[in-house]
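Down below is the structure, laid out as structure tokens.
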Amino acid sequence: MEHTTINLTLKVWRQKNASDKGSFQTYNVKGISTEMSFLEMFDVLNEQLIAEGKDEPIAFDHDCREGICGMCSMYINGRPHGPWHGTTTCQLHMRAFKDGETVVVEPWRARAFPVIRDLVVDRRAFDRIIQAGGYISVNTGNAVDANAIPINKKDADNAFAAASCIGCGACVAACKNSSAMLFVSAKVSQLALLPQGGPERQTRVLDMVAQMDKEGFGSCTNTGACEAECPKEISLENIARLNREFTAASLASEE
Amino acid sequence: MAINSKIPAGDLEKKWEDYKGHVKLVNPANKRNLEIIIVGTGLAGASAAASLGELGYKVKVFCFQDSPRRAHSIAAQGGINAAKNYQNDGDSVFRLFYDTIKGGDYRAREANVHRLAEVSANIIDQCVAQGVPFAREYGGLLSNRSFGGTQVQRTFYAAGQTGQQLLLGAYSALERQVALGNVTQYTRHEMLDIVKIDGKARGIIARDLVSGKLERHFGHAVLLCTGGYGNVFYLSTNAMGSNVTAAWKAHKQGAFFGNPCFTQIHPTCIPVSGDHQSKLTLMSESLRNDGRIWVPKKQGDNRKPTDITEEERDYYLERRYPAFGNLVPRDVASRAAKERCDAGYGVGASKMAVYLDYAAAIERYGKIEAGKQGLDNVSKDKIIEMGKEVVKEKYGNLFDMYAKITGENPYEVPMRIYPAVHYTMGGLWVDYELMTTVEGLYALGEANFSDHGANRLGASALMQGLADGYFVIPYTIGNYLADEIRTKSMPTDHEAFVEAENKVNARIQQLMSIKGTKSVESFHKRLGKIMWDKCGMARNAEGLQEAITEIQALKKEFWSDVKIPGSINEFNPELDKAGRVADFIELGELMCKDALDRNESCGGHFREESQTEEGEALRDDENYKYVAAWEFVGESDWKLNKEELIYENIKIAARSYK
């Protein structure tokens, strides 16, 4: 693969802590190889900042750097995880940018995701939503043989597609209402599609949606920005399924 | 101090059964008063926390990430082994046990590995019950695939995201226990020391990474499930935050470190593209099921791979190892790639890569698909198109990842791959009960040294992490805690806690007061280079001695010239990283010492002085059939303790995959 080097101007959100007001700061980076990942470009910038000793390095979340842990979370030029479709920030490579371009980088912005520092936000609300019902209640040792219950391939494949959500929160960041519906619906769908999830199907969806509301996520208005920006391409069909599950469970609980 | 592995007496097949039948139990009322600290929330930590919470113990679980679901187990791609024999291809508990011992080049304990094989089937059952969406066949039953070093199909998988699905299963079980109040979860917390009282582990000092404050936590027992230390090489397939700190602190408090030099170099990773490289990305070993590995027969051949004819290609694994071909174990495949590249046959701009080619597989699958659909006279293009679809379903996410990183389309041109550090078989020495040499301190999963010997087989790490957490520790910890029911929860103003916190605090203050000129990252890179060059895929006495001297000098320089920006009581990732790199430097020295001491080649440890005429690893069972359990004595000073390995059920032999 041919590679070149580019120079960029970065406008990065800097915020010292949760109570600081925060503002954009402008930085220039030079000689960036187009084979670098976006985060490696940030590594270069941070090394530069450490060497200069004026600004502190920029705090950002990252860990696996292979697109699966869901930790990286930059809002790049107005899009969660930047311009490439179906890609996390860590897998976005500098080939996506042109020499001389200005790139604006912000944290996820949502009431339920308060900023901790710079580009790092607190996503524990997602853990609490899972705690509300995102599981099958089976203690270790209680399981029957794995092949005792055949599952048709289509359901298994759809459950897997929903389960591939990495919990990064890009759906929330993309949504004008900061709704967490795509995240919640992915887990609800996965467990509703599998026979093992049957017994708790109704309480699960009600409890998870209640927790989502309590955390301060907004309402879903079916705009579809979440699906468009999801790095794992989680389908909107999951939201439709969640709505059906929710309606059925609500009706059943009124009986 | 003599080490006792506490392997139960009796027949191999009966050991675990007998152990479980006679082990001490803790009654439910007492469990409620017993507190357990678990550090790390990967497969081992999350499964242990969930299972112990279910049993009724009071559990506290810690991770440095923002959520337990981020732990690096999530990145495991290929699969998890289990002796289910669903394929009727002759698999059994014994065969899984045998393959694992052989794959580990006869450097693992028989009893542990047999137990692992025994509980492997339960793991799959448990995960399916939790809603883990494993791949299935059209009949609705579970699908299997092959992995390196075995001749049966025993690997369960969920596309190329098996680790993710298993971890999310364990994570959801853990979150359920959090909701039930049995487990308290501390995220963005890092363990910085073990607190010992009267020789027993009684708690930890943790740092809240958001506020920078130190915290004291009491536990009747402490479990370290903190993963491996591959990042000592700087570049590895580990996550950026993966570190040895928790294990290292335990080591300095008296936990022996087992076989630190046993490192797994994974053969199929995306090659380094430049100095900016921050980590390496694995391409699942499952790709070797269908992909063929080759280099040009001519040295320095600069033509495009598609211009090199079949006759001009050297499928060197198929040539050298006809019985296993592209499915030889990882250590063998890695060394073979290095050998070809060192000999001048490497490909790509760096010439440090070999091809992993899917053209043949695409054509083969296309033909099968055409046959299935009853199509005659299909054009070659159509066959290729159908074949690509099949490959996409099997490996789509991996191919996408390759394309994003390299900018090349692996459906059209062969992938370029090269070995990279992936896993560490070494770790804290543990006995049969997973207890370290510090009473009440346990190590689970990759953090311990136990089951993989000198080389881990593919799809066995997930198995071991979950075996330890779901099915081993819930039994073995009772044997210790049954004698602790009279120990009351201790207040954390106990002098041992105060002292431990002061020590941790002093070290942080010292780091911040250096105010030198070089970044933490620059030291980490330099350490990584020493380790990769001199303690990497091939090692020799001279290089290892040099490495030890260089690391000692690097350590001095680090402690006098590292530059850490920011302050202590704030969110400061540079400070977190500085502490970890300081520990990696010390570990690096021990790894080199261990590699120097082990003057034989076995598994992933290849000493150039010890090889056959054909360049294969040459083991020395007479002198080195032991686990090296290193005891920390003082700075740059360790004492070697040996645990002899006894093979009563397997005839130990030269390991051949020819």
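Just so you know, all these numbers are worked out from the coordinates, no wet-lab data involved. Computed from a prediction, not measured in an experiment: that's the story for all the values here. Glycine also receives a Cβ, built like all others from the backbone with ideal geometry; neighbour counts cover every protein chain displayed.
Quote the FRET efficiency, to the nearest 0.05, computed for B:His494 versus B:Glu635 with a Förster distance R0 of 30 Å and r equal to the Cβ-Cβ distance. Once the sixth-power term is evaluated, E becomes 0.60.
Treating only the Cβ of Lys, Arg, Asp and Glu as charged (+1, +1, -1, -1), what charge dipole size does the stretch A:123-254 show about its Cα centre? Round to the nearest 20 debye. Please list the in-between numbers first.
Working: 13 positive and 14 negative charges, 32 e Å.
Here the stretch A:123-254 has a charge dipole of around 160 debye.
As a calculated quantity, the FRET efficiency between B:Ser92 and B:Lys651 at R0 = 22 Å, using C-beta atoms, amounts to about 0.80. Here the 3J(HN,Hα) profile of the stretch B:211-219, calculated from phi with Karplus coefficients 6.51, -1.76 and 1.60 at θ = phi - 60°, is 8, x, 7, 8, 10, 10, 10, 8, x Hz, Gly and Pro shown as x.
Springs between Cα atoms under 10 Å define the GNM used for chain A, and in it the highest mean-square fluctuation of A:Gln202, A:Gln48, A:Gln211 occurs at A:Gln48.
Which whole number in µm²/s is D for the stretch B:267-421 by Stokes-Einstein, with the Kirkwood Rh taken over Cα pairs at 25 °C and 0.890 mPa s? The Stokes-Einstein estimate is 152 µm²/s. The angle between the Cα long axis of helix B:495-514 and the main principal axis of chain B comes to about 60°, on a 0 to 90 degree scale. Convex hull volume of the C-alpha atoms in the stretch B:396-538, normalised per residue: 218 Å³.
Building the convex hull from the alpha-carbon atoms of the stretch B:115-255 and averaging its projection over directions returns 12.3 nm². Report for the protein assembly as shown the percent antiparallel among DSSP-assigned beta bridges with both residues inside it, nearest 5. So the antiparallel bridges amount to about 70 percent of the total.
With the cut-off at 1.5 for a/c, could you classify the stretch B:316-368 from its C-alpha gyration tensor as rounded, prolate or oblate? Oblate, because a/c is 1.5 or more while a/b does not exceed b/c. In this structure, B:Thr184 and B:Asn377 have a Cβ-Cβ separation that, at R0 = 56 Å, corresponds to a calculated FRET efficiency of about 0.25. Work out, in µm²/s and without decimals, the Stokes-Einstein translational diffusion coefficient of the protein assembly as shown at 10 °C, 1.306 mPa s, Rh from Kirkwood over C-alpha pairs. The Stokes-Einstein estimate is 57 µm²/s. For chain B, the extents of the C-alpha atoms along the principal axes are 81, 57, 50 Å, listed from largest to smallest. Shape analysis of the stretch B:1-153 places it in the oblate category; the axes a ≥ b ≥ c from the Cα gyration tensor give an a/c of at least 1.5, with a/b not above b/c.
Relative contact order for chain B: what is it in percent, counting Cα pairs under 8 Å that are at least 6 residues apart?
Values: 1420 pairs, mean separation 134.6, N = 658.
Value for chain B: 20 percent.
Between B:Glu609 and B:Thr306, the simple spin-label model (points 7 angstrom out along Cα→Cβ) gives 5.0 nm. Could you list the residues of the stretch B:601-641 with an amide nitrogen less than 18 Å from a label point located 7 Å from the Cα of B:Arg319 in the Cα-to-C-beta direction? Residues passing the 18 Å test: B:613-616.
With the simple spin-label model, which puts each label point 7 Å out from Cα in the Cβ direction, the A:Ser253 to B:Ala360 separation comes to 5.8 nm. Using every pair of distinct Cα positions in the stretch B:1-87, the Kirkwood expression returns a hydrodynamic radius of 16.4 angstrom.
The phi-based Karplus calculation (6.51 cos²θ - 1.76 cosθ + 1.60; θ = phi - 60°) puts the 3J(HN,Hα) values of the stretch B:562-575 at 6, 10, 10, x, x, 10, 7, 8, 7, 5, 9, x, 5, 5 Hz, whole numbers, x for Gly and Pro. Fraction of C-alpha pairs exceeding 19 angstrom in the stretch A:123-254: 48 percent, rounded to a whole number. Where both bridge residues fall in chain B, DSSP classifies roughly 70% of the beta bridges as antiparallel.
Stretching B:Ser560 away from B:Asn623 to a fully extended chain increases their span by 18.6 nm, per 0.36 nm per residue minus the current alpha-carbon distance. Note on the stretch A:197-250 and the stretch B:239-313: Cα centroid distance 40 Å, given to the nearest whole angstrom.
Assuming a ≥ b ≥ c are the square roots of the Cα gyration tensor eigenvalues, decide whether the stretch B:166-243 counts as rounded (a/c under 1.5), prolate (otherwise, with a/b larger than b/c) or oblate. Numbers along the way, then the final one.
Working: a/c = 1.62, a/b = 1.10, b/c = 1.48.
Because a/c hits 1.5 or more and a/b fails to exceed b/c, the stretch B:166-243 counts as oblate.
Let me check I've understood the local charge: for A:Glu215, count other residues with C-beta under 14 angstrom from its C-beta, Lys and Arg +1, Asp and Glu -1. What total comes out? Walk me through the numbers before you get to the answer.
Values: positive: A:Arg111, A:Arg123, A:Arg124, A:Arg128, A:Lys214; negative: A:Asp122, A:Asp127, A:Asp207, A:Asp213.
Once all neighbours under 14 Å are counted, the net charge is +1.
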